[in-house]
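Written out below as structure tokens is the structure these notes cover.
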Amino acid sequence: MVSEKPQVLIVDDRQENLFVLERLLQTLDVEVILAARGTEALALTLDHDFCVAIVDVQMPEMDGYELVELLRGNKRTARLPVIFVSAIYSDEYHHRRAYDAGAVDFLSKPFVPEILISKVEVFIDLYRQRQQLELLVRELNTVNASLSERAVQLETSATISHQITSILDKDRLLAEIADLIRTRFGYCFVGVWLYAVDEEVMILRASSANAECQEIAPGSVVSCTDEDLQPIARVCRNTAIYYNDGRSSSPENTPPGRAHLVLPLVMGSYMYGALEILHARDAIFDSGAITVLQSQADQIAIAIRNAELYAEVRALNEDLESKVRERTAELEKTYHQLELLDRNKSEFIQIVSHELRTPLTLIMGFGEMLREEPQVKQDPALKYQLEGVTNGALRMQEIVDSMLDVVKIDSRALGLQLHELQLADLFASLREELDVALQERDLALEFVDISTLPSVEADSLALRKLFANLLYNAVKYTPDGGRISVTGRFLDTLGDEASSYVEIVVSDTGIGIDPENHELIFTKFYGTADASFHSSGRTKFKGGGPGLGLAISRGIVEAHVGHIWVESPGHNEITLPGSQFHVVLPLRQTEQTPEEIARRIVQLRSALALGTPGRETASMC
Ligand code: ADP
């Protein structure tokens, strides 16, 4: 029984004693409860929480000592303070018995009323303090319990946030959100509604329910302009939390007796939808839980935004990829067309060069015959004119040969006749060929370290063409009075003969080449200068050519599994920066498949990246 006032139990078999003691205690703010026997007192302790019991020692059936022993044996009353009152047993022996039985005090009759009152007051104070302490402990326990509950909610919330932020597929994300929140927090129903701006409606996109709750099928629609303003519509309109504890009246769609919470899913000023939750029967959402769930809802809004952005990026990517596919297909088509054109061009060159060969042979044959005619022999003017015709035909012959070489290179039909070749001999013979031109143009030609190079396995005619092209170009693009040099060195990339190379650099002090043309000049029919400015002749300064020399040179070098490139700071006809053409050739030609050749060229290029002139060389002799 709960009483506002502290309760005091008085046990005495004599009515007059009970009366006196009750009257005495009326001065205190207590409720006095009387018992005439020990058994009655025991029964009263079942329903009351007494602050002190005043017990007469001498009673029939059950005396005071027995009663107190029984009280001490019961958990509820073990600590009940007891004051014994006795007239007869006031000697030392009974005092001790009383204390042994569990009394906290002993009063002998007649006693001074003030003493009894003050003793009882002490126990009332103690009782009040105990009650306050118990209240505090109860409050503390409640706070502790709600703190632990909050900690669990926060932890669950963090786990859910972590899980959902890694899901980028929107449908899967929403389904996971509904399931995770319901199962982790132990709710009855969780639904995720998304807002469709254009139609001003909320659509249920995912839901999860346990056996107690009926699941609402995804796809359900609630109009935000609804006059009845049911919970979802209300949140949609106000972007504020809706909460109904289910104890008062429940609106339509809310199962009676269930706490119903709807949280807006908002990011910045944009509302994505709402998170609807129904709690287990008779449970409520306290303010702490609502705060945790609102922060969960904020995370969900971010996760939805992320998923939407991801979907947009994916759509953009797909669009981009399809555009790239289209462009690639177009490029491939154009490439095939160009390939076809190139083939046609090669075929045309082949036909033209073949067709030109016969008339050229005729011109040169008849020229030879005319030269033997006495009339021509005796007439210097005729002889000079005939020489002009023959030289022109020879030049044409060279061009036709170049065209045929290009055709062979294009169709990979440049059959090599391999021999051991001393490059020094080759350059000596070329020097002889160029001697007149060098004198005419006042050009110096020097060879550096060529005589020390080892022999190479190569096609001598092809290499002659290659270096003739480079030397004639050096002559053509270097103004009178300039210098040309041919430098050789041995490159030993791996230390064995199969991976050893020679490098020959043809340098000049000529007009140079712009870096953007360094690759282009090796394509056929490419000339950097305006064709109308070409002066005729193979050795004249800036003398024109068909633009085939370097294409043939590269074809020859690659047929030998070598590498050719140019270095030049740029084109300038006043400062004359000059050019250096590098040719790297292997010492030995080995039987190789096209794949092996390709691999060797890659190896060679990477080895050259270490050892190209002008940079630090890895291993050179
Ligand atoms: P061409 O018959 O026109 O000389 P090439 O294939 O031999 O054809 O050369 C292509 C172009 O490269 C030339 O037109 C010229 O512009 C440039 N070129 C080649 N060698 C040199 C050089 N040593 N100095 C400057 N430019 C050069």
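The values are calculated or read from the model by the stated rules, or taken from the named source; none is laboratory data. Values in this document were obtained by computation on a predicted structure and should not be read as measured data. Virtual Cβ from ideal backbone geometry, glycine too; neighbours counted across all protein chains shown. Just the protein is used for accessible areas: all its heavy atoms, side chains included, with ligands, DNA and RNA removed. Shrake-Rupley method; radii C 1.70, N 1.55, O 1.52, S 1.80 Å.
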- Query: In the stretch 557-587, how many residues are under 18 Å from residue 519 (Cα atoms) and among the charged types (D, E, K, R)?
  - Reply: 2
- Task: For the stretch 326-355, enumerate the residues that are polar (S, T, N, Q), under 19 Å from residue 409 (Cβ atoms) and exposed (fewer than 11 other Cβ atoms within 10 Å of the Cβ).
- Result: 344
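Say we look at the stretch 409-422 and pick out the residues that are surrounded by 14 or more Cβ atoms within 10 Å (Cβ to Cβ) and touching an Asp or Glu at 6+ places or on another chain (Cβ under 9 Å); which of these is nearest to residue 549 (Cα to Cα)? Outline the logic, then answer.
Pass one, the stretch 409-422, residues surrounded by 14 or more Cβ atoms within 10 Å (Cβ to Cβ): 409-410, 414, 416, 418, 421-422.
Remaining after also requiring touching an Asp or Glu at 6+ places or on another chain (Cβ under 9 Å): 409-410, 414, 416, 418, 421.
Working: 409: 12, 410: 14, 414: 15, 416: 18, 418: 22, 421: 22 Å.
Among those that are surrounded by 14 or more Cβ atoms within 10 Å (Cβ to Cβ) and touching an Asp or Glu at 6+ places or on another chain (Cβ under 9 Å), it is 409.
Determine which member of the set 442, 425 is open to solvent by 70 Å² or more (accessible area, probe 1.4 Å) and at positive phi.
442
Give the residue, chosen from 143, 190, that is touching a strand residue (DSSP E or B) at 6+ places or on another chain (Cβ under 7 Å) and either part of a helix (DSSP H, G or I) or surrounded by 16 or more Cβ atoms within 10 Å (Cβ to Cβ) (or both).
It is 190.
Here is a yes/no grid of residues against (1) hydroxyl-bearing (Ser, Thr, Tyr); (2) modelled with pLDDT under 85; (3) more than 23 Å from residue 490 (Cα to Cα):
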residue	(1), (2), (3)
378	no, no, yes
394	no, no, yes
397	no, no, yes
407	no, yes, yes
415	no, yes, yes
429	yes, no, no
432	no, no, yes
- So which of 136, 204, 173 ends up being in a strand (DSSP E or B) and aliphatic (A, V, I, L, M)? 204
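Do we find that residue 555 is modelled with pLDDT under 95, within 16 Å of the ligand (Cβ to nearest atom) and not in a helix (DSSP H, G or I) in this structure?
It is false that residue 555 is modelled with pLDDT under 95, within 16 Å of the ligand (Cβ to nearest atom) and not in a helix (DSSP H, G or I).
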- Note on the structure: Considering only helices (runs of 4 or more DSSP H) wholly within the stretch 1-75, the ones with at least 2 residues that are within 21 Å of residue 129 (Cβ to Cβ) and under 60 Å from the mean Cα position of the chain (by Cα) are none
- Message: Which of the numbered conditions does residue 450 fail, given that it passes all the others? Conditions: (1) within 16 Å of the ligand (Cβ to nearest atom); (2) of a type outside the set (Gly, Ala, Ser); (3) open to solvent by less than 30 Å² (accessible area, probe 1.4 Å); (4) within 19 Å of residue 584 (Cβ to Cβ).
- Response: (1)
- Task: Would you mind telling me which numbered condition in (1) of a type outside the set (Val, Ile, Thr); (2) more than 15 Å from the ligand (Cβ to nearest atom); (3) in a helix (DSSP H, G or I); (4) under 18 Å from residue 581 (Cα atoms) residue 461 fails?
- Result: (4)
- Top-ranked residue of the stretch 257-283 - restricted to ones that are more than 33 Å from the chain's Cα centre (by Cα) and more than 18 Å from residue 204 (Cβ to Cβ), ranked as modelled with the lowest pLDDT: 257
- Message: Condition first: part of a helix (DSSP H, G or I), touching a helix residue (DSSP H, G or I) at 6+ places or on another chain (Cβ under 9 Å) and not hydroxyl-bearing (Ser, Thr, Tyr). Now tell me which residues in the stretch 272-299 satisfy that.
- Response: 288, 289, 292, 293, 296, 299
- Just wondering, is there one or more residues in the stretch 470-492 that are of a type outside the set (Ser, Thr, Tyr), within 59 Å of the chain's Cα centre (by Cα), under 30 Å from residue 340 (Cβ atoms) and within 16 Å of the ligand (Cβ to nearest atom)? no
